[in-house]
């Protein structure tokens, strides 16, 4: 079974530019989460989808961040315009949800550097 | 006070030894607890889930102490391959909710 995949693995952009990160969850997983790790800090929750609906977006830093999950499959996280403090590793995770396990499995992450 | 706290270490332990570390959490209503392992520049990998009083998987034992609000991870007969950062994660509600992570405990097994 394929795990959670994320694209790109690395992205280097200038302040003010736009970047879109993609996450493909494990097939059949209804729950999809975005997390971020800023250097030297703990992994922090950004938001949670159940299928295509946003269940909890309390961790989104500000309105420069927009997440979507059209059709309840893959998800995108867009940062526009990017700021220096957005640099970090963005992880996506998925879980089965109510029909199965609540355990969350993480993708390899996208390392974002804003210069 | 942080919601989830871990001793960052590093813990430098000789191969074959037993090592244990704890993770404390602030929310007494927390329901689900997890240990993840993270290798350098990799994603967190689920090591163990701790739903009730604790569980064991081979050389690894996780325990939950609700009265004192901490979970522990015990590694017996440590191997070189156990070197990693161990992350504690807490789900404050049962299932399908956000995980709150500690900063992780760095473990190095010495030959």
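Any read-out appearing in this document is the output of simple, stated calculations on the displayed coordinates, not a laboratory observation. Everything numeric here is computed off the predicted structure, so don't read it as measured data. Ideal geometry is used to build each Cβ from the backbone, glycine not excepted, and the neighbour counts take in all protein chains shown.
For the pair residue A:27 and residue B:53, what calculated FRET efficiency results from E = 1/(1 + (r/R0)^6), where r is the Cβ-Cβ distance and R0 = 25 Å, to the nearest 0.05?
Rounded to the nearest 0.05, the efficiency is 0.15.
How long are the semi-axes of the ellipsoid equivalent to the protein assembly as shown, from square roots of 5 times the Cα gyration tensor eigenvalues, in whole Å, largest first? All intermediate terms of the calculation are to be shown ahead of the outcome.
Working: eigenvalues 178, 82, 52 Å².
Gyration-tensor ellipsoid for the protein assembly as shown: 30, 20, 16 Å.
Could you check the spin-label model distance between residue A:64 and residue B:2? Points 7 Å from the Cα along Cα→Cβ, value in nm.
2.5
Take every residue in peptide A:12-20, count the Cβ atoms of other chains within 10 Å of its Cβ, and give the average of those counts.
0
Give the Cα extents of the stretch A:1-40 along the principal axes, in whole Å, largest first.
Cα spread of the stretch A:1-40 along its principal axes, largest to smallest: 37, 22, 15 Å.
Round to a whole angstrom and tell me the spacing of the C-alpha centers of the stretch A:10-27 and the stretch A:62-93.
If you average the Cα positions of each part, the centres end up 7 Å apart.
Note down the nm distance, to one decimal, between modelled labels 7 Å out along Cα→Cβ at residue B:31 and at residue A:15.
4.3
Would you mind getting the Kirkwood hydrodynamic radius of chain B from its Cα pairs, rounded to one decimal in Å?
For chain B, the Kirkwood estimate is 14.0 Å.
For the pair residue A:78 and residue B:80, what calculated FRET efficiency results from E = 1/(1 + (r/R0)^6), where r is the Cβ-Cβ distance and R0 = 41 Å, to the nearest 0.05? List each step's numbers first, then the result.
Values: r = 42 Å, r/R0 = 1.01.
That gives a FRET efficiency of 0.50.
By how many nm would the segment from residue B:15 to residue B:65 lengthen if fully extended, with 0.36 nm per residue of separation less the alpha-carbon distance?
15.2 nm
Counting only Cα, what are the radius of gyration and maximum Cα-Cα distance Dmax of the stretch A:1-74, in Å?
13.1, 38
State the Kirkwood hydrodynamic radius of the stretch B:14-64 in Å, one decimal place, computed from all pairs of distinct Cα atoms.
12.7
Averaged across A:42-54, how many Cβ atoms of other chains sit within 10 Å of each residue's Cβ atom?
3
Per-residue mean of other chain beta-carbon atoms within 10 angstrom of the beta-carbon, peptide A:101-108?
What the average comes to for A:101-108 is 6.
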